[in-house]
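Here is the structure we will look at, set down as structure tokens.
No lab work stands behind these numbers, since they all come straight from the coordinates. Just so we're clear, the structure is a prediction, and the values are computed from it rather than from any experiment. Glycine also receives a Cβ, built like all others from the backbone with ideal geometry; neighbour counts cover every protein chain displayed.
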């Protein structure tokens, strides 16, 4: 199985807008036990105080990372890493 980020390889958003990344699982025979999201190699699944939220679809075939009021520091490389699938990445550019 392999992960795919819909917005890849590059996503441009304006500062102050909402960053939304959707990671879909392709050819998965079962739902992953977990899907971890990384921003520049740092896991961000639990960064609630930074406006980050992660939700999964009903059958966990996709995971959505949302960041409210994105700032310049939210730019960078985001990686979706499911338990039993090849990971996927996207470069986010936050524009002033």
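Mind checking whether some residue in the stretch 8-22 is over 10 Å from the mean Cα position of the chain (by Cα) and farther than 21 Å from residue 94 by Cβ?
no
Name the residue, out of 65, 25, that is over 10 Å from the mean Cα position of the chain (by Cα), surrounded by 13 or more Cβ atoms within 10 Å (Cβ to Cβ) and under 17 Å from residue 8 (Cβ atoms).
Working: 65 fails: over 10 Å from the mean Cα position of the chain (by Cα).
From the options 65, 25, the qualifying one is 25.
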